[in-house]
(Lines give C-alpha, C1' and ligand atoms only; values in the text may rest on other atoms or scores of the structure.)
Protein backbone atom coordinates (compact mmCIF):
# COMPACT_ATOMS: atom_id res chain seq x y z
CA UNK A 1 0.00 0.00 0.00
CA UNK A 2 0.98 3.63 -0.49
CA UNK A 3 1.57 6.45 1.98
CA UNK A 4 3.29 9.76 2.62
CA UNK A 5 6.74 9.61 4.21
CA UNK A 6 8.18 12.94 5.35
CA UNK A 7 5.79 14.62 2.94
CA UNK A 8 6.83 12.51 -0.04
CA UNK A 9 4.45 10.07 -1.74
CA UNK A 10 5.83 6.53 -1.59
CA UNK A 11 4.49 3.33 -3.18
CA UNK A 12 6.89 0.88 -1.56
CA UNK A 13 6.64 1.52 2.17
CA UNK A 14 3.43 0.61 3.97
CA UNK A 15 2.90 -3.04 4.90
CA UNK A 16 -0.65 -3.93 5.94
CA UNK A 17 0.08 -7.43 7.28
CA UNK A 18 2.43 -8.69 9.99
CA UNK A 19 4.79 -11.67 9.84
CA UNK A 20 1.87 -14.01 10.66
CA UNK A 21 -0.08 -12.80 7.65
CA UNK A 22 -2.58 -10.90 9.81
CA UNK A 23 -4.02 -7.60 8.57
CA UNK A 24 -3.17 -4.68 10.85
CA UNK A 25 -4.91 -1.34 10.36
CA UNK A 26 -2.73 1.73 10.82
CA UNK A 27 -3.63 4.58 13.17
CA UNK A 28 -5.08 7.77 11.72
CA UNK A 29 -2.96 10.91 11.90
CA UNK A 30 -5.22 13.86 12.77
CA UNK A 31 -7.23 13.69 15.99
CA UNK A 32 -8.44 17.20 16.89
CA UNK A 33 -12.07 17.87 17.77
CA UNK A 34 -14.90 20.28 17.16
CA UNK A 35 -16.12 21.41 20.56
CA UNK A 36 -18.52 23.99 21.98
CA UNK A 37 -16.09 24.62 24.84
CA UNK A 38 -15.36 28.39 24.77
CA UNK A 39 -11.62 27.71 24.67
CA UNK A 40 -11.79 25.13 21.89
CA UNK A 41 -9.87 25.81 18.70
CA UNK A 42 -12.55 24.33 16.46
CA UNK A 43 -15.96 25.78 17.32
CA UNK A 44 -19.25 24.38 15.92
CA UNK A 45 -20.10 26.82 13.13
CA UNK A 46 -22.26 26.46 10.05
CA UNK A 47 -20.28 26.73 6.81
CA UNK A 48 -16.89 26.36 8.47
CA UNK A 49 -16.30 22.64 7.88
CA UNK A 50 -15.96 20.46 4.82
CA UNK A 51 -15.90 16.69 4.38
CA UNK A 52 -13.78 14.78 1.89
CA UNK A 53 -15.26 11.32 1.42
CA UNK A 54 -15.64 8.39 -0.93
CA UNK A 55 -19.06 6.79 -1.37
CA UNK A 56 -17.34 3.41 -1.47
CA UNK A 57 -15.57 3.64 1.88
CA UNK A 58 -17.52 2.33 4.88
CA UNK A 59 -15.63 4.61 7.27
CA UNK A 60 -16.42 7.72 5.22
CA UNK A 61 -19.99 6.50 4.78
CA UNK A 62 -20.48 6.77 8.55
CA UNK A 63 -19.91 10.52 8.43
CA UNK A 64 -22.21 10.98 5.42
CA UNK A 65 -24.97 9.17 7.30
CA UNK A 66 -24.70 11.34 10.40
CA UNK A 67 -24.57 14.47 8.24
CA UNK A 68 -27.76 13.39 6.45
CA UNK A 69 -29.68 12.21 9.52
CA UNK A 70 -28.86 15.34 11.53
CA UNK A 71 -29.72 17.68 8.65
CA UNK A 72 -26.22 19.11 8.37
CA UNK A 73 -26.12 19.26 4.58
CA UNK A 74 -26.15 23.06 4.48
CA UNK A 75 -23.79 23.41 7.44
CA UNK A 76 -21.09 21.03 6.17
CA UNK A 77 -20.10 20.90 2.51
CA UNK A 78 -18.69 17.74 0.93
CA UNK A 79 -16.53 16.52 -1.95
CA UNK A 80 -16.45 12.95 -3.30
CA UNK A 81 -13.28 11.28 -4.56
CA UNK A 82 -13.15 8.61 -7.25
CA UNK A 83 -13.95 5.07 -6.03
CA UNK A 84 -11.06 3.74 -8.12
CA UNK A 85 -7.75 4.13 -6.31
CA UNK A 86 -4.46 3.30 -7.99
CA UNK A 87 -0.84 3.88 -6.95
CA UNK A 88 -1.45 7.62 -6.77
CA UNK A 89 -4.10 7.22 -4.07
CA UNK A 90 -7.50 8.87 -3.81
CA UNK A 91 -8.06 11.23 -6.73
CA UNK A 92 -10.60 13.80 -7.88
CA UNK A 93 -12.33 13.02 -11.19
CA UNK A 94 -15.27 15.43 -11.53
CA UNK A 95 -16.10 14.08 -14.99
CA UNK A 96 -17.13 10.75 -13.42
CA UNK A 97 -20.69 10.27 -12.18
CA UNK A 98 -20.97 10.65 -8.43
CA UNK A 99 -17.53 12.27 -8.11
CA UNK A 100 -16.62 15.92 -7.65
CA UNK A 101 -13.70 18.24 -8.03
CA UNK A 102 -11.80 19.43 -5.00
CA UNK A 103 -14.05 22.46 -4.47
CA UNK A 104 -11.69 24.01 -1.94
CA UNK A 105 -8.36 23.99 -3.78
CA UNK A 106 -8.70 22.26 -7.12
CA UNK A 107 -6.28 19.48 -6.16
CA UNK A 108 -5.91 16.41 -8.35
CA UNK A 109 -5.17 14.07 -5.41
CA UNK A 110 -6.30 13.95 -1.81
CA UNK A 111 -2.70 13.58 -0.66
CA UNK A 112 -2.12 17.22 -1.69
CA UNK A 113 -4.48 18.24 1.10
CA UNK A 114 -2.38 16.36 3.67
CA UNK A 115 0.78 17.94 2.26
CA UNK A 116 -0.80 21.39 2.48
CA UNK A 117 -1.29 20.91 6.21
CA UNK A 118 2.17 19.45 6.85
CA UNK A 119 4.83 19.28 4.14
CA UNK A 120 6.67 16.66 6.21
CA UNK A 121 3.65 14.52 7.11
CA UNK A 122 4.09 10.76 7.45
CA UNK A 123 1.06 8.48 7.26
CA UNK A 124 -1.58 6.98 5.04
CA UNK A 125 -3.93 9.26 3.08
CA UNK A 126 -7.42 8.15 4.06
CA UNK A 127 -11.05 9.22 3.97
CA UNK A 128 -13.02 10.67 5.63
CA UNK A 129 -11.25 13.98 6.16
CA UNK A 130 -12.91 16.71 8.20
CA UNK A 131 -11.46 19.98 6.92
CA UNK A 132 -11.60 23.41 8.57
CA UNK A 133 -12.02 26.09 5.91
CA UNK A 134 -11.27 28.87 8.40
CA UNK A 135 -7.81 27.68 9.47
CA UNK A 136 -7.23 25.63 6.31
CA UNK A 137 -6.28 22.48 8.12
CA UNK A 138 -7.43 18.94 8.81
CA UNK A 139 -9.40 18.68 12.03
CA UNK A 140 -9.71 14.90 12.09
CA UNK A 141 -9.54 11.84 9.83
CA UNK A 142 -10.80 9.20 12.28
CA UNK A 143 -14.34 8.16 11.30
CA UNK A 144 -15.61 7.22 14.74
CA UNK A 145 -14.52 10.57 16.18
CA UNK A 146 -15.95 12.56 13.27
CA UNK A 147 -19.23 10.67 13.60
CA UNK A 148 -19.42 11.62 17.29
CA UNK A 149 -18.49 15.25 16.63
CA UNK A 150 -21.16 15.72 13.99
CA UNK A 151 -23.70 14.05 16.23
CA UNK A 152 -23.00 15.82 19.52
CA UNK A 153 -21.05 19.02 18.83
CA UNK A 154 -22.85 20.34 15.74
CA UNK A 155 -26.27 20.20 17.38
CA UNK A 156 -26.81 23.97 17.31
CA UNK A 157 -26.46 24.13 13.51
CA UNK A 158 -28.34 20.89 12.73
CA UNK A 159 -31.78 21.21 11.17
CA UNK A 160 -33.21 17.97 12.56
CA UNK A 161 -33.76 16.98 16.16
CA UNK A 162 -32.00 13.63 15.86
CA UNK A 163 -29.86 12.37 18.73
CA UNK A 164 -27.75 9.33 17.89
CA UNK A 165 -25.98 9.31 21.25
CA UNK A 166 -28.90 9.78 23.66
CA UNK A 167 -28.63 10.00 27.40
CA UNK A 168 -29.32 6.69 29.07
CA UNK A 169 -27.87 4.81 26.08
CA UNK A 170 -24.36 6.23 25.87
CA UNK A 171 -22.50 3.52 27.77
CA UNK A 172 -24.25 0.84 25.73
CA UNK A 173 -23.61 2.65 22.45
CA UNK A 174 -19.89 2.90 23.22
CA UNK A 175 -19.79 -0.73 24.31
CA UNK A 176 -21.47 -1.95 21.13
CA UNK A 177 -19.29 0.14 18.84
CA UNK A 178 -16.22 -1.28 20.58
CA UNK A 179 -17.60 -4.82 20.42
CA UNK A 180 -18.44 -4.84 16.71
CA UNK A 181 -15.32 -3.05 15.50
CA UNK A 182 -12.66 -5.74 15.57
CA UNK A 183 -14.64 -8.85 14.54
CA UNK A 184 -17.07 -7.19 12.08
CA UNK A 185 -16.14 -3.67 10.87
CA UNK A 186 -12.44 -4.48 10.71
CA UNK A 187 -13.06 -8.22 10.57
CA UNK A 188 -14.05 -8.21 6.91
CA UNK A 189 -10.69 -6.59 6.12
CA UNK A 190 -8.81 -8.98 8.41
CA UNK A 191 -10.45 -11.81 6.46
CA UNK A 192 -9.95 -10.38 2.98
CA UNK A 193 -6.38 -9.17 3.40
CA UNK A 194 -5.09 -12.19 5.34
CA UNK A 195 -1.83 -13.55 3.92
CA UNK A 196 -1.88 -16.92 5.65
CA UNK A 197 -4.47 -19.65 6.05
CA UNK A 198 -4.31 -19.41 9.83
CA UNK A 199 -4.90 -15.66 9.79
CA UNK A 200 -7.83 -16.08 7.41
CA UNK A 201 -9.38 -18.92 9.41
CA UNK A 202 -9.16 -16.98 12.67
CA UNK A 203 -10.62 -13.80 11.17
CA UNK A 204 -13.50 -15.44 9.29
CA UNK A 205 -14.47 -17.53 12.32
CA UNK A 206 -14.49 -14.46 14.57
CA UNK A 207 -16.50 -12.54 11.97
CA UNK A 208 -19.28 -15.08 11.71
CA UNK A 209 -19.34 -15.79 15.42
CA UNK A 210 -19.99 -12.07 15.93
CA UNK A 211 -22.62 -11.93 13.18
CA UNK A 212 -24.40 -14.91 14.75
CA UNK A 213 -24.35 -13.17 18.13
CA UNK A 214 -25.87 -9.94 16.85
CA UNK A 215 -28.39 -11.81 14.76
CA UNK A 216 -29.58 -13.37 18.02
CA UNK A 217 -29.64 -10.02 19.84
CA UNK A 218 -31.73 -8.45 17.08
CA UNK A 219 -34.41 -11.11 17.41
CA UNK A 220 -35.76 -9.24 20.44
CA UNK A 221 -34.80 -5.61 19.93
CA UNK A 222 -35.04 -3.27 16.97
CA UNK A 223 -31.59 -1.71 17.23
CA UNK A 224 -28.18 -2.74 18.56
CA UNK A 225 -28.36 -0.63 21.73
CA UNK A 226 -32.07 -1.11 22.39
CA UNK A 227 -35.13 0.65 21.03
CA UNK A 228 -33.43 3.76 19.62
CA UNK A 229 -31.39 4.31 16.46
CA UNK A 230 -27.86 5.23 17.54
CA UNK A 231 -24.31 5.64 16.29
CA UNK A 232 -23.85 1.91 16.89
CA UNK A 233 -26.34 1.16 14.11
CA UNK A 234 -24.57 3.59 11.78
CA UNK A 235 -21.30 1.75 12.43
CA UNK A 236 -22.92 -1.62 11.75
CA UNK A 237 -24.93 -0.50 8.72
CA UNK A 238 -21.97 0.60 6.61
CA UNK A 239 -20.43 -2.86 6.91
CA UNK A 240 -23.64 -4.86 6.44
CA UNK A 241 -24.81 -2.94 3.36
CA UNK A 242 -21.55 -3.84 1.59
CA UNK A 243 -21.38 -7.40 2.81
CA UNK A 244 -23.26 -9.47 0.23
CA UNK A 245 -22.15 -7.32 -2.70
CA UNK A 246 -18.41 -7.24 -2.01
CA UNK A 247 -17.19 -8.74 1.27
CA UNK A 248 -18.81 -12.15 0.72
CA UNK A 249 -17.04 -12.71 -2.60
CA UNK A 250 -14.14 -10.27 -2.83
CA UNK A 251 -12.95 -10.75 0.76
CA UNK A 252 -13.95 -14.44 0.98
CA UNK A 253 -16.40 -13.79 3.84
CA UNK A 254 -18.46 -16.53 2.28
CA UNK A 255 -19.73 -18.74 5.06
CA UNK A 256 -23.10 -17.06 4.68
CA UNK A 257 -24.76 -14.05 3.04
CA UNK A 258 -26.31 -11.39 5.25
CA UNK A 259 -29.58 -11.94 3.39
CA UNK A 260 -29.58 -15.49 4.79
CA UNK A 261 -29.66 -14.30 8.42
CA UNK A 262 -33.08 -14.30 10.08
CA UNK A 263 -32.67 -10.95 11.81
CA UNK A 264 -29.64 -9.14 10.38
CA UNK A 265 -31.24 -9.01 6.93
CA UNK A 266 -34.55 -7.40 7.99
CA UNK A 267 -32.57 -5.16 10.37
CA UNK A 268 -30.42 -4.01 7.45
CA UNK A 269 -33.53 -3.28 5.35
CA UNK A 270 -35.05 -1.39 8.28
CA UNK A 271 -31.98 0.86 8.48
CA UNK A 272 -31.81 1.29 4.71
CA UNK A 273 -35.43 2.44 4.65
CA UNK A 274 -34.90 4.99 7.42
CA UNK A 275 -35.43 8.42 5.80
CA UNK A 276 -32.15 9.88 4.57
CA UNK A 277 -30.15 6.64 4.59
CA UNK A 278 -30.67 5.21 1.09
CA UNK A 279 -29.48 8.44 -0.53
CA UNK A 280 -26.03 7.94 1.00
CA UNK A 281 -25.60 4.47 -0.54
CA UNK A 282 -23.89 4.32 -3.95
CA UNK A 283 -23.58 0.61 -4.74
CA UNK A 284 -21.95 1.24 -8.12
CA UNK A 285 -19.09 3.09 -6.40
CA UNK A 286 -18.88 0.44 -3.69
CA UNK A 287 -18.50 -2.43 -6.15
CA UNK A 288 -16.12 -0.57 -8.46
CA UNK A 289 -13.84 0.36 -5.58
CA UNK A 290 -13.45 -3.07 -4.02
CA UNK A 291 -13.18 -5.15 -7.18
CA UNK A 292 -10.79 -2.78 -8.99
CA UNK A 293 -8.66 -1.30 -6.21
CA UNK A 294 -7.17 -4.44 -4.62
CA UNK A 295 -5.39 -6.25 -7.47
CA UNK A 296 -3.62 -8.52 -4.98
CA UNK A 297 -7.07 -9.86 -4.03
CA UNK A 298 -8.88 -9.69 -7.39
CA UNK A 299 -6.17 -9.17 -10.03
CA UNK A 300 -8.58 -9.31 -12.98
CA UNK A 301 -10.44 -6.23 -11.68
CA UNK A 302 -13.69 -7.74 -12.97
CA UNK A 303 -16.68 -6.38 -11.06
CA UNK A 304 -19.00 -9.15 -9.85
CA UNK A 305 -22.59 -8.96 -11.06
CA UNK A 306 -24.64 -9.94 -8.03
CA UNK A 307 -26.40 -10.62 -5.86
CA UNK A 308 -29.58 -8.70 -6.72
CA UNK A 309 -31.00 -7.61 -3.36
CA UNK A 310 -34.21 -5.75 -2.57
CA UNK A 311 -33.38 -3.35 0.24
CA UNK A 312 -36.85 -1.85 -0.07
CA UNK A 313 -38.70 -5.08 0.78
CA UNK A 314 -40.89 -5.11 3.90
CA UNK A 315 -38.91 -5.81 7.04
CA UNK A 316 -41.70 -6.17 9.65
CA UNK A 317 -39.51 -4.76 12.42
CA UNK A 318 -42.17 -2.22 13.38
CA UNK A 319 -43.48 -4.96 15.65
CA UNK A 320 -40.49 -4.43 17.95
CA UNK A 321 -40.39 -1.50 20.41
CA UNK A 322 -38.90 1.76 19.14
CA UNK A 323 -38.36 3.18 15.70
CA UNK A 324 -36.68 5.99 13.76
CA UNK A 325 -36.51 9.44 15.37
CA UNK A 326 -39.74 11.42 14.94
CA UNK A 327 -37.85 14.19 13.15
CA UNK A 328 -36.86 11.75 10.40
CA UNK A 329 -40.33 10.31 10.01
CA UNK A 330 -41.84 13.79 9.83
CA UNK A 331 -39.30 14.84 7.20
CA UNK A 332 -39.97 11.81 4.98
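The values are calculated or read from the model by the stated rules, or taken from the named source; none is laboratory data. Here the structure is a predicted model, which means the values were calculated and not measured. Note that each Cβ is placed from the backbone with ideal geometry, even for glycine, and that neighbours are counted across all protein chains shown.
Where in the stretch 1-84 are there strands (runs of 3 or more DSSP E), lying wholly inside it, with at least 1 residues that are modelled with pLDDT of 95 or more, in contact with a strand residue (DSSP E or B) (Cβ under 8 Å, 6 or more places away or on another chain) and more than 30 Å from residue 199 (Cβ to Cβ)?
Of the strands (runs of 3 or more DSSP E) lying wholly inside the stretch 1-84, those with at least 1 residues that are modelled with pLDDT of 95 or more, in contact with a strand residue (DSSP E or B) (Cβ under 8 Å, 6 or more places away or on another chain) and more than 30 Å from residue 199 (Cβ to Cβ) span 49-53, 76-80.
Kindly indicate whether residue 124 is at pLDDT below 95 and not assigned by TED's automatic domain parsing to the domain that holds residue 241. Talk me through it step by step, then tell me what you get.
On the way: at pLDDT below 95: yes; not assigned by TED's automatic domain parsing to the domain that holds residue 241: yes.
Answer is yes for this residue.
Could you please let me know if residue 102 is farther than 30 Å from residue 180 by Cβ, outside any strand (DSSP E or B), in contact (Cβ under 8 Å) with a residue 60 or more places away in the chain and touching a helix residue (DSSP H, G or I) at 6+ places or on another chain (Cβ under 9 Å)? Explain how you work it out, then say what you get.
Details: farther than 30 Å from residue 180 by Cβ: yes; outside any strand (DSSP E or B): yes; in contact (Cβ under 8 Å) with a residue 60 or more places away in the chain: no; touching a helix residue (DSSP H, G or I) at 6+ places or on another chain (Cβ under 9 Å): yes.
It is false that residue 102 is farther than 30 Å from residue 180 by Cβ, outside any strand (DSSP E or B), in contact (Cβ under 8 Å) with a residue 60 or more places away in the chain and touching a helix residue (DSSP H, G or I) at 6+ places or on another chain (Cβ under 9 Å).
Checking residue 195 against (1) outside the structural domain of residue 263 (by TED's automatic domain parsing); (2) at pLDDT below 95, which single condition isn't satisfied?
(1)
Is it true that residue 176 is in contact with a helix residue (DSSP H, G or I) (Cβ under 8 Å, 6 or more places away or on another chain), surrounded by 18 or more Cβ atoms within 10 Å (Cβ to Cβ) and over 29 Å from residue 73 (Cα atoms)?
Details: in contact with a helix residue (DSSP H, G or I) (Cβ under 8 Å, 6 or more places away or on another chain): yes; surrounded by 18 or more Cβ atoms within 10 Å (Cβ to Cβ): yes; over 29 Å from residue 73 (Cα atoms): no.
When the stated conditions are applied, residue 176 does not pass them.
Taking residue 195 as the residue in question, decide whether it is within 27 Å of residue 38 (Cβ to Cβ) and surrounded by fewer than 21 Cβ atoms within 10 Å (Cβ to Cβ).
In short, no.
Please verify whether residue 205 is buried (at least 21 other Cβ atoms within 10 Å of the Cβ) and in a helix (DSSP H, G or I), treating the condition exactly as stated.
The answer is no for residue 205.
Quick test of your reading of the structure: residue 285 fulfils all but one of (1) assigned to a loop (DSSP other than H, G, I, E, B); (2) modelled with pLDDT of 95 or more; (3) within 23 Å of the chain's Cα centre (by Cα). Name the failing condition by number.
Condition not satisfied by residue 285: (1).
Restricting to the stretch 133-158, and then to whatever is touching a helix residue (DSSP H, G or I) at 6+ places or on another chain (Cβ under 8 Å) and part of a loop (DSSP other than H, G, I, E, B), can you tell me which residue is surrounded by the most Cβ atoms within 10 Å (Cβ to Cβ)?
Ranking the qualifying residues of the stretch 133-158, first place goes to 158.
Looking for whichever is outside the structural domain of residue 65 (by TED's automatic domain parsing), under 18 Å from the mean Cα position of the chain (by Cα), buried (at least 19 other Cβ atoms within 10 Å of the Cβ) and touching a residue at least 40 places away in the same chain (Cβ under 8 Å) here; the options are 164, 130. Which one fits? Spell out how you get there, then give the answer.
Values: 130 fails: outside the structural domain of residue 65 (by TED's automatic domain parsing).
Criteria check complete, one pass: 164.
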